[in-house]
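The values are calculated or read from the model by the stated rules, or taken from the named source; none is laboratory data. Remember, it's a predicted structure, so these values are computed and weren't measured experimentally. Quick reminder, even Gly has a Cβ in these numbers, built from the backbone with ideal geometry, and neighbours come from all protein chains shown.
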Amino acid sequence: MSKDLPPAAEARMAEIRRSGTWGSALTSDEFAAIKSAGFEATGQVLGAAVYNIGYTGGYGCPGAWGSYGYTWGSSPMGARTQVSSRGGYGSFGPLVQTMYEARRTAINRMVEECTELGGHGVVGVRLTIGPFPSGGLEFKAIGTAVRAPGAPPLRHPFTSDLSGQDFAKLVHKGWMPAGLVLGISVAARHDDWLTRGQTRWGAGNSEVTGYTELVNDARHDARTQLAAEVKRLGAQGVVVADMNFHVRERECPAQEGGRDHVVEAINVGTAIVRFSDHAERKGPSPLAIMSLDPQRRQAARIDIGANRNA
């Protein structure tokens, strides 16, 4: 047994192996699609971690001292955007590092369960985060372990948030998942005299340049972090399935009565690598899926009978 799995998870893996049965988080269509790509399910796998969020950073606010429009030389000391990856005064870097660590811990435990079940990878991964009743946040990763019968075990099983159908399409086209990748950024900006002036009543229809900078910096930083993850895995590209963007307002910690805007951008995707030089892998013919609706089945039989009599 792996020493990285919690005791409850080790017991669950042992029970699955003893029973000779397996479960999955796949729909019937996903199950059929994965079989068409030469894989089979080995069991549902889960990884979870509860983290207490203590020090988050972001307690300083350098823009507060420039909120009245003071300048230093030729450079304005007004509010500017603080991005987590850059560090520095007022950055939310510690919070972002914890968010990365918690998600990776959950993913790694899920992968350990996949290895225990003899899987080559995990498909249909869902990453969730929610409050824990006794305090802290629960980070969870759940998916279905799959394997290619007869293939040797992988040192590092792959992970993917693609559906079973999308996973099969990827394989048939000569690509394979390398792993889940994350791009997380938290950016903050103090409300200075310029943004307040551009958003007050009577300002007219005009761009709020400070807010535009905040949004662009957060999104760009999240994409940069995602690209770095893809490069770390040695992958050739990424299929992005989820892009979350949240904006909140807080009271400025450095200036009484001042306000800050905080943006959290999270990109989640599957890094992919090509395993075949062919444009499309030769495989089984497309699946014929019969509807479970009796009326539709009856209509299909009537159409087939009419075509035969024609």
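As a summary of the residue check, S163 satisfies the conditions (1) buried (at least 23 other Cβ atoms within 10 Å of the Cβ); (2) among the polar types (S, T, N, Q); (3) touching an Asp or Glu at 6+ places or on another chain (Cβ under 8 Å) except for the one numbered (1). Kindly check whether there is at least one residue in region 233-251 that is in a helix (DSSP H, G or I) and touching a Lys or Arg at 6+ places or on another chain (Cβ under 9 Å). There is no residue in region 233-251 that is in a helix (DSSP H, G or I) and touching a Lys or Arg at 6+ places or on another chain (Cβ under 9 Å).
The set of residues in region 226-252 being among the β-branched types (V, I, T) and either out of contact with any strand residue (DSSP E or B) (no Cβ under 6 Å at 6 or more places or on another chain) or farther than 17 Å from F158 by Cβ (or both) consists of V247 alone.
Within region 226-241, one or more residues are of a type outside the set (G, A, S) and free of Cβ contacts under 8 Å to residues at least 24 places away in the same chain.
Y100 meets the stated requirement of being modelled with pLDDT of 65 or more, surrounded by fewer than 19 Cβ atoms within 10 Å (Cβ to Cβ) and hydroxyl-bearing (S, T, Y).
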